[in-house]
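What follows is one structure encoded as structure tokens, with my remarks underneath.
The values are calculated or read from the model by the stated rules, or taken from the named source; none is laboratory data. Quick caveat: nothing in here was measured; it's all calculated off a predicted structure. Cβ atoms come from the backbone with ideal geometry, glycine included; neighbour counts cover every protein chain shown.
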Amino acid sequence: MLKHKRIASCVLVLALAFVLCIPAFASSFSADFSVRTGSSSSWSGKDTDLWKFTSTDEATFKTTLTYGTSVTSTLWMVKVWAPDQSITSYSVTKSDGSNSNTFVPQTSNSYYAVVQPADSYGVNGTVSAYN
């Protein structure tokens, strides 16, 4: 009887440890973007907001527009010995508010977002990626 209790205790401890470790494999990133009115530039997270995934589970890249009319949002993957690669791109309008696409991240590369306003009016919002 004591042997069965020990086995049950070990199984319970291992199951609990496994359940607690699962969230550690997920990745979640977020960055706020802002482009001033009259500016012809875009916002890029390459210099300040590189994202490194720890899991190859399907991830979501989402852009939320809080101010402005329309933007094109692109997720890029950093390539060390080659030009960076565009992973996904989409438009977000004020009437939509947000948009998202899924992708399968590589754990050996970093990612960043680029937001390009559709006009010279200012835009604000948030880009995020999570799996």
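Laid out as a table, the results:
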read-out	value
Test for residue 95: is it at pLDDT below 95, out of contact with any strand residue (DSSP E or B) (no Cβ under 6 Å at 6 or more places or on another chain) and farther than 26 Å from residue 35 by Cα	no
Wholly within the range 18-131, strands (runs of 3 or more DSSP E) carrying at least 2 residues that are in contact (Cβ under 8 Å) with a residue 60 or more places away in the chain and within 14 Å of the chain's Cα centre (by Cα)	28-35, 59-67, 110-117, 123-130
Count - residues of the range 65-87 that are out of contact with any Gly (no Cβ under 8 Å at 6 or more places or on another chain), surrounded by 14 or more Cβ atoms within 10 Å (Cβ to Cβ) and not small (Gly, Ala, Ser)	9
Among the residues listed as 112, 130, 121, the single one being among the hydroxyl-bearing types (Ser, Thr, Tyr) and at pLDDT below 95	121
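Let's see how each residue does on (1) modelled with pLDDT of 95 or more; (2) more than 19 Å from residue 123 (Cβ to Cβ); (3) of a type outside the set (S, T, N, Q):
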residue: 18; (1), (2), (3): no, yes, yes
residue: 23; (1), (2), (3): no, yes, yes
residue: 38; (1), (2), (3): no, no, yes
residue: 76; (1), (2), (3): yes, no, yes
residue: 86; (1), (2), (3): yes, yes, no
residue: 91; (1), (2), (3): yes, no, no
